[in-house]
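**Q** Quick one: the structure is below, and I'll ask about it shortly.
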Amino acid sequence: MAITCFIRYELDPFQIDAFRTYADNWGRIIPRCGGHLVGYFLPSEGTNYEAWGLIAFDSLAAYEAYRARLRADAEGRANFETAQRLRFILREERTFTTVVPGTFERPALPVQTAQTAQTAPSP
């Protein structure tokens, strides 16, 4: 994907479950409308009022086409209306990012500890 829409949400911390339902709904809607849903992320430890959504696209033009399809989607409109009615999203910011080549989805490597270093065979 060429660009990722990084959405930062400021939430009412007493309505996290409402946002969870909202995000879960996007799990069906976004892919159907042409977005590559990387995921929605809720607060766990630390700050209790921030959440994030990441949606990837091939281009900014693909994002614009997706937005038009989203506005035409009945379930998408209903999800937006629920958020407005319940007011669990206090603020929303969108930033478009590109990945630094060679840094995305890098799995963890085995960790070398003092104990495993002692038991490793000598060259």
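**Q** Looking at (1) assigned to a loop (DSSP other than H, G, I, E, B); (2) in contact (Cβ under 8 Å) with a residue 40 or more places away in the chain; (3) closer than 20 Å to P13 by Cα, which one does N79 not meet, given that it meets all the others?
**A** In the conditions (1) assigned to a loop (DSSP other than H, G, I, E, B); (2) in contact (Cβ under 8 Å) with a residue 40 or more places away in the chain; (3) closer than 20 Å to P13 by Cα, N79 misses (1) alone.
**Q** Moving to a separate point now. How many residues does the range 1-20 contain that are closer than 22 Å to A74 by Cα and free of Cβ contacts under 8 Å to residues at least 60 places away in the same chain?
**A** Number of matching residues: 1.
**Q** Are any residues in the range 3-19 out of contact with any strand residue (DSSP E or B) (no Cβ under 7 Å at 6 or more places or on another chain) and surrounded by fewer than 15 Cβ atoms within 10 Å (Cβ to Cβ), and if so, which ones? Spell out how you get there, then give the answer.
**A** Going through the range 3-19, the residues out of contact with any strand residue (DSSP E or B) (no Cβ under 7 Å at 6 or more places or on another chain) turn out to be 13-18.
Within the range 3-19, P13, F14, D17 qualify.
**Q** Counting only residues that are within 13 Å of R28 (Cα to Cα) and of a type in the set (A, V, I, L, M), how many does the range 61-77 have?
**A** Going through the range 61-77 one residue at a time, the tally reaches 2.
**Q** Condition first: more than 14 Å from T4 (Cα to Cα), outside any loop (DSSP other than H, G, I, E, B) and modelled with pLDDT of 95 or more. Can you find one or more residues in the range 43-58 that meet it? Talk me through it step by step, then tell me what you get.
**A** Quick first cut of the range 43-58, residues more than 14 Å from T4 (Cα to Cα) only: 43-51.
So of that shortlist, the ones also outside any loop (DSSP other than H, G, I, E, B) come out as 50-51.
Subsequent filtering for residues that are modelled with pLDDT of 95 or more retains 50-51.
Yes, the range 43-58 has at least one match.
**Q** Now, a different point. Tell me which of these D24 doesn't satisfy, since it passes every other one: (1) part of a helix (DSSP H, G or I); (2) in contact with a Leu (Cβ under 8 Å, 6 or more places away or on another chain); (3) not small (G, A, S).
**A** Result: D24 fails condition (2) only.
**Q** Could I ask something else about it? Looking at (1) without any contact (Cβ under 8 Å) to a residue 60 or more places away in the chain; (2) in contact with a Leu (Cβ under 8 Å, 6 or more places away or on another chain), can you tell me which one I89 breaks?
**A** It is condition (1) that I89 fails.
**Q** Does E64 satisfy the criteria of being on the phi < 0 side of the Ramachandran plot, assigned to a helix (DSSP H, G or I) and either over 19 Å from the mean Cα position of the chain (by Cα) or surrounded by fewer than 17 Cβ atoms within 10 Å (Cβ to Cβ) (or both)? Let's see the steps before the verdict.
**A** Working: on the phi < 0 side of the Ramachandran plot: yes; assigned to a helix (DSSP H, G or I): yes; either over 19 Å from the mean Cα position of the chain (by Cα) or surrounded by fewer than 17 Cβ atoms within 10 Å (Cβ to Cβ) (or both): yes.
Criteria met by E64.
**Q** Could you list, in sequence order, all residues of the range 24-61 that are more than 21 Å from L90 (Cα to Cα), surrounded by fewer than 16 Cβ atoms within 10 Å (Cβ to Cβ) and touching a residue at least 40 places away in the same chain (Cβ under 8 Å)?
**A** Those that are more than 21 Å from L90 (Cα to Cα), surrounded by fewer than 16 Cβ atoms within 10 Å (Cβ to Cβ) and touching a residue at least 40 places away in the same chain (Cβ under 8 Å): R28, R32, D58, S59, L60.
**Q** Go through the range 82-98 residue by residue and tally those that are of a type in the set (K, R), surrounded by 10 or more Cβ atoms within 10 Å (Cβ to Cβ) and not in a strand (DSSP E or B).
**A** We begin by selecting, within the range 82-98, every residue of a type in the set (K, R); these are 85, 87, 91, 94.
Next cut, surrounded by 10 or more Cβ atoms within 10 Å (Cβ to Cβ) only: 87, 91, 94.
Still in the list and also not in a strand (DSSP E or B): 87.
Going through the range 82-98 one residue at a time, the tally reaches 1.
The values are calculated or read from the model by the stated rules, or taken from the named source; none is laboratory data. Model, not experiment: these values are computed from the prediction. So basically every Cβ, Gly included, is an ideal-geometry build from the backbone, and we count neighbours across all protein chains shown.
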